[in-house]
Amino acid sequence: MSNLAGFVKRLRDIMRNDAGINGDAQRIEQIAWMLFLKVYDAKEQDWEWDDEDYQSIIPEECRWQNWARDDKSGTALTGDDLLNFVNNTLFPTLKKLPVDASTPIKKAIVQTTFADANQYMKDGVLLRQVINVIDELDFGDYEESHAFGEIYETILKELQSAGSAGEFYTPRAVTDFMAQVIKPQIGETMADFACGTGGFLVSWLNQLQKQIKSTADADKYSNSIYGIEKKQFPYMLCITNLLLHGLDVPRVYHDNSLMRDVLDYTENDRFNVIMMNPPYGGSEKADVKNHFPDDLASSETADLFMSVIMYRLKQNGRAAVILPDGFLFGTDNAK
């Protein structure tokens, strides 16, 4: 088992020496895309074991196991060769993977995860060192995979001190408390329409997992969540978070929940439970208001998300939502 205790510190110490990394937010984003590919590679090995006809959406040369792994033979890419491959082959390929409506979610997430991802490092030798630390992780080992879920949580916590990136993270004690109060039940569906790094989704799953008693329950558990995240970076973190928590097909989409007419929602678009921390005080394009009835249109994003919640919550459904004082007491000056 690799040295999980020092994992974050080891990466931080290496990346501090790279001229391309400027601050915690960039460091975390750099780590994020590599972790995603490492975790996704472990998932693909499981899928190949279960289905001998499985075909990866990622071209062979771009699969983690074929370019990132260092077998200590001296042939692993490093230095300028590694930088050239990552910048000019890996990223352009993953950003343009062929995806359409028929592409399975577990394959499509690769393209959506990399659509706006960034590679900041400028030193190929340091990049190789970072990749080697990440590749030491053994996600085939249940105990190590579970332990790394806790390590990943510390990475997400660092977002709180990473400038504006902190907006994507709701403290886990808060999401866990709200999930306990909402009391998830097997067979229910739960949504978060601005899911950030997936905290509410994970807290819901952790509560629901205790109730699994059969394969039918396990299927309902896996299909119980739905998430939307507008911004690329937290979307990447969220997908990786859910893969780490055992979801092979995370129903999380890189989209804007406010860009669909709320009057178009049908019963099939409703959920038993909605848990979320809406982005409030945010800014949207002026035409966003056009997707809401006149009496619900507002310049305050929290108001708009509450309208979405009203239209997407099933009758007798339950909601746990974090809201600013301005929304509750009418002092936000929204129009």
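Among the residues of the range 39-72 satisfying the criterion of being within 19 Å of Val125 (Cα to Cα) and outside any helix (DSSP H, G or I), which is most open to solvent (accessible area, probe 1.4 Å)?
Within the range 39-72, the match that is most open to solvent (accessible area, probe 1.4 Å) is Lys72.
Tell me, yes or no, whether the range 266-282 has at least one residue that is more than 30 Å from Ala117 (Cα to Cα), open to solvent by 20 Å² or more (accessible area, probe 1.4 Å) and hydroxyl-bearing (Ser, Thr, Tyr).
Yes, there is a match, as at least one residue in the range 266-282 is more than 30 Å from Ala117 (Cα to Cα), open to solvent by 20 Å² or more (accessible area, probe 1.4 Å) and hydroxyl-bearing (Ser, Thr, Tyr).
Does the range 73-125 hold any residues that are under 18 Å from Asp255 (Cα atoms) and either part of a helix (DSSP H, G or I) or of a type in the set (Phe, Trp, Tyr) (or both), and which are they?
Lys95, Ile105, Lys106, Lys107, Ala108, Ile109, Val110, Gln111, Thr112, Thr113, Phe114
Being not acidic (Asp, Glu) and not in a helix (DSSP H, G or I) is the filter; apply it to the range 18-30 and report the residue that is least open to solvent (accessible area, probe 1.4 Å).
As a first pass, look at the range 18-30 and keep what is not acidic (Asp, Glu): 19-23, 25-28, 30.
From what is left, the residues that are not in a helix (DSSP H, G or I) are 19-23.
Working: Ala19: 94, Gly20: 11, Ile21: 29, Asn22: 121, Gly23: 44 Å².
Filtering the range 18-30 for residues that are not acidic (Asp, Glu) and not in a helix (DSSP H, G or I), the one least open to solvent (accessible area, probe 1.4 Å) comes out as Gly20.
State yes or no: is Lys106 surrounded by 16 or more Cβ atoms within 10 Å (Cβ to Cβ) and either in contact with a Leu (Cβ under 6 Å, 6 or more places away or on another chain) or charged (D, E, K, R) (or both)?
Considered against the rule, which asks whether it is surrounded by 16 or more Cβ atoms within 10 Å (Cβ to Cβ) and either in contact with a Leu (Cβ under 6 Å, 6 or more places away or on another chain) or charged (D, E, K, R) (or both), Lys106 comes out as yes.
Quick check: is even one residue across the range 10-17 in a loop (DSSP other than H, G, I, E, B) and of a type outside the set (Lys, Arg)?
Yes: the range 10-17 contains one or more residues that are in a loop (DSSP other than H, G, I, E, B) and of a type outside the set (Lys, Arg).
Can you find a residue that is assigned to a helix (DSSP H, G or I), open to solvent by 70 Å² or more (accessible area, probe 1.4 Å) and touching a residue at least 40 places away in the same chain (Cβ under 8 Å) anywhere in the range 127-137?
For the range 127-137, residues assigned to a helix (DSSP H, G or I), open to solvent by 70 Å² or more (accessible area, probe 1.4 Å) and touching a residue at least 40 places away in the same chain (Cβ under 8 Å): present.
For Thr154, indicate whether it is assigned to a loop (DSSP other than H, G, I, E, B) and surrounded by fewer than 17 Cβ atoms within 10 Å (Cβ to Cβ).
So Thr154 does not fit the description; no.
How many residues does the range 196-229 contain that are assigned to a loop (DSSP other than H, G, I, E, B) and either surrounded by fewer than 21 Cβ atoms within 10 Å (Cβ to Cβ) or modelled with pLDDT of 95 or more (or both)?
Summing the residues that are assigned to a loop (DSSP other than H, G, I, E, B) and either surrounded by fewer than 21 Cβ atoms within 10 Å (Cβ to Cβ) or modelled with pLDDT of 95 or more (or both) in the range 196-229 gives 7.
Could you list, in sequence order, the residues of the range 289-311 that are more than 12 Å from Met275 (Cα to Cα), modelled with pLDDT of 90 or more and open to solvent by less than 30 Å² (accessible area, probe 1.4 Å)?
Of the range 289-311, the ones more than 12 Å from Met275 (Cα to Cα) are 289-304, 307-308, 310-311.
Filter again for modelled with pLDDT of 90 or more, leaving 307-308, 310-311.
Listed by number, the residues that qualify are Ser307, Val308.
So, in the range 112-147, exactly how many residues are among the hydrophobic types (A, V, I, L, M, F, W, C) and in contact with a Ser or Thr (Cβ under 7 Å, 6 or more places away or on another chain)? Step through it out loud before you land on a result.
Quick first cut of the range 112-147, residues among the hydrophobic types (A, V, I, L, M, F, W, C) only: 114-115, 117, 121, 125-127, 130-131, 133-134, 137, 139, 147.
Still in the running and in contact with a Ser or Thr (Cβ under 7 Å, 6 or more places away or on another chain): 125, 137, 139.
Number of matching residues: 3.
For Leu237, which of the numbered conditions (1) under 30 Å from Pro293 (Cβ atoms); (2) open to solvent by less than 10 Å² (accessible area, probe 1.4 Å); (3) under 15 Å from the mean Cα position of the chain (by Cα) fails to hold?
The one condition Leu237 does not meet is (1).
Residue pairs, Cβ under 6 Å, 6 or more apart or interchain, first in the range 174-191 and open to solvent by 20 Å² or more (accessible area, probe 1.4 Å), second among the basic types (Lys, Arg). List them.
Close Cβ pairs satisfying both conditions: Ile186/Lys220; Gly187/Lys220.
The values are calculated or read from the model by the stated rules, or taken from the named source; none is laboratory data. Everything numeric in this text was worked out from a predicted model, so none of it was measured. Virtual Cβ from ideal backbone geometry, glycine too; neighbours counted across all protein chains shown. What goes into the accessible areas is simple: the full protein's heavy atoms, side chains included, and nothing from ligands, DNA or RNA. Shrake-Rupley method; radii C 1.70, N 1.55, O 1.52, S 1.80 Å.
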